[in-house]
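See structure below.
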Amino acid sequence: MFASALAPPAATAAEPPSIADDPLLQSHLLHRLVERERSPLLVPQSIRHAQVPLLRPPYVAHAVSALDCEHATHDITLDPETGVTKATLQLQVKATHSPLASVSFAFDAGLETEGIWATDRKVIVGQAMLAPMRVVRVDLDPPLAPGASTVITMPYAGTLSCATADGGSITCSKGAEFSYFAHQSIFPYVFDPEAPEDFVLDGLTRDIVLRVPAVHDVVATGQKISETLDGSTKISRWSIDKPLSRVVGLYAFAGKLGLLPVGGRTAPTTFIFPSPEKPIDRDLVSWSTPALEFVERTSGSRLPFDRSLSLVRLPQTFGDPGTATFGMTLLSDSYARMGNILYEETWAHENAHLFWGVVVPETNSNESRLMSEGMATLTEIDYTFARHFPAEDRDLYLARRFLPMGLDLRVSGKDLPPAQLTAGMDLPQDFRTRRYTLWAYYRTAITLDHLRVTLGEDVFSNVLTDYVARCRFVGCRPDVLREIASEKSGKDMQPFFERWVTANERPRVLVGFIPANGGADVELTKGDDRPMTLELWLGLANGARVKRRVDLGPHTTRIRLDAPAPVLTVAASPRHDVLVDVRSLVDGDLDFDGETDGFDVLRCAPLVGRRYDSVGATGLWNVDERFDPRCDANGDLAIDDQDLAAMAAQFGKLRAR
Ligand SMILES: [Zn+2]
């Protein structure tokens, strides 16, 4: 039903449905997904907040972890029906810049360790319960010297409790049909107890061996290496052979799994779902190849999962909204309630993370989500346009999708940190979902689209291709994007990043023009002397639109722009609107024809009575994108008679000649 928010104008005649009518929708539609996608931030926070001295290291702001996880071998014998588990983890760790004193592991409370040792040194083991997890702390004696490595071996066994955590989520679900084992259940979550919130990418590789009764199907995170039978045991081997952050999710599924092949892909690609098959399963399969091809086109390269790719529908009952990890995308069927277009779009978002976050990780996910959530959000919007609205004007479609996000930012994001945190900045500890969404998803995607218009589509596309080549399995920071954008465009992109990536600016630019023979003389004025590039749109008497990218110098820039027909209007691309306050030099001239006249009122009169209501950052989905902020003269987020009267008072104003 929310498809109306995405449909072309003709289909948006109905008012968007009220979110208040549906208890399911009262929280953010993406709420659970956002929660999951920031869960690497939350697990260590819950550990730090726990009232267990062992688990509560003295909090040191900006503590930098010395833990570098190099390689993990997981050998897990599991009965998915009973949860009886016997496993061994071998973890090779290295100390980076300073001595490494401890390593911690969190896993299902029903499992217990059976003696832990490390090569070349003693270990002191402490443990505590943090339901539904058991947390084991291993102190190394002596601590590892900088640059030195050791292998910690931890056998553990017992019966999985698969208990429900505060908030209702589970980390595992036993059963014969579709059993589910996530990170922190059979796979220990590894962290540095001295700096649990530090996420500098450590580039961990893993080998996973799962041994289950032969009757079960089994799928795990990673690329499938082999599946063999040993008597009544099925041995399934999976590999994460490229560096991955230790906090990225691990999963295993076993039982009588629903399995459907996804056609049209070179790599064996399988859709995995809980039986019985639902119509939505065929839909998800049919969306998978287009989504995967789209994210590959965007990134300019093929996904590197040649041996296998697993795409999973999670049942709503697990409370796991989904995520993407190495060779595996997961999404809850609870998103089906949003209607097929948005479900497909969310599927594209998660699959986009196979690149943006997995193959191409950020150096530090606490510093910025520009090239993970930002790229995934930009890709989902681009995907929906390409799949469902290709006949629409693309610029106007994109501007309409970003408009509600921009209004949400204006209303609720005034004191939001910039997209890239600079030295000494932290995300606030109480950063709730709504503000995290504005920061990690909205501002980043808007900034990337603004960058795309600034650079031009082709240059932006080349920048992404280079970024992927350079950052593939290596953590990159937004500075690398800036460097590549500068190289590819031949312009210094530092001013762009200073305005919109490491700060939150919305500079005002005044546009004026005088029609001239063969074009227009255009004047652009802003209040500072830093460079900026805008895509200008010339509206011509023959109905055509001509686009010209113009570099603005200090303060006022004057330029002659050629056009094949008389120029009636000069405006900026509406895709700049969220981040640049572009106005006509003539007050009240909303259509940028250089005059304040009846046409400006005509533009706004049909919108009288509209108001912009943001419901918990759901702006992306449920607001009326036809709200035109330029018609809201007094900026109170309602278009009313006052606004029209203010416009009428400007009547008859003409450009200075
Ligand atoms: Zn995401």
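Derivation of every value follows stated rules applied to the coordinates shown; laboratory data play no part. Only a predicted model underlies this, so the values are computations on that prediction, with no experimental measurement involved. Here Cβ is always computed from backbone atoms with ideal geometry, including for glycine, and neighbour counts include all displayed protein chains.
Tabulated values for the structure
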{"item": "Net charge of Cβ neighbours under 11 Å - reference residue 606; Lys, Arg +1; Asp, Glu -1", "result": "+2"}
{"item": "q = 0.25 Å⁻¹, the stretch 507-577: log10 I(q)/I(0) [Debye, one scatterer per Cα]", "result": "-1.12"}
{"item": "Global form of the stretch 389-514, assessed from the alpha-carbon gyration tensor, a/c cut-off 1.5", "result": "rounded"}
{"item": "Burial order of peptide ranges 587-595, 145-153 (average beta-carbon count within 10 Å, highest first)", "result": "587-595, 145-153"}
{"item": "Largest-first principal axis extents of the Cα set of the chain (Å)", "result": "87, 53, 45"}
{"item": "Stretchable slack from residue 98 to residue 603, in nm (0.36 nm times residue separation minus alpha-carbon distance)", "result": "175.5 nm"}
{"item": "Cα centroid separation - the stretch 229-275 against the stretch 487-516, whole Å", "result": "46"}
{"item": "At least 20 Å along the helix axis (C-alpha) and Kyte average at least -0.5, DSSP helices within the chain", "result": "279-299, 394-412, 457-471"}
{"item": "Cα Rg over Rh - the stretch 234-375, Kirkwood", "result": "0.94"}
{"item": "Mean ellipticity per residue at 222 nm, deg cm²/dmol - from DSSP H runs of n ≥ 4 across the chain, formula -39500 (n - 2.57)", "result": "-7000 deg cm²/dmol"}
{"item": "Ranked packing of 453-460, 184-191, 488-495, 405-412, most packed first, by mean Cβ within 10 Å", "result": "184-191, 405-412, 453-460, 488-495"}
{"item": "Any cysteine of the chain lacking a neighbouring Cys Cβ under 4.7 Å - listed by number", "result": "69"}
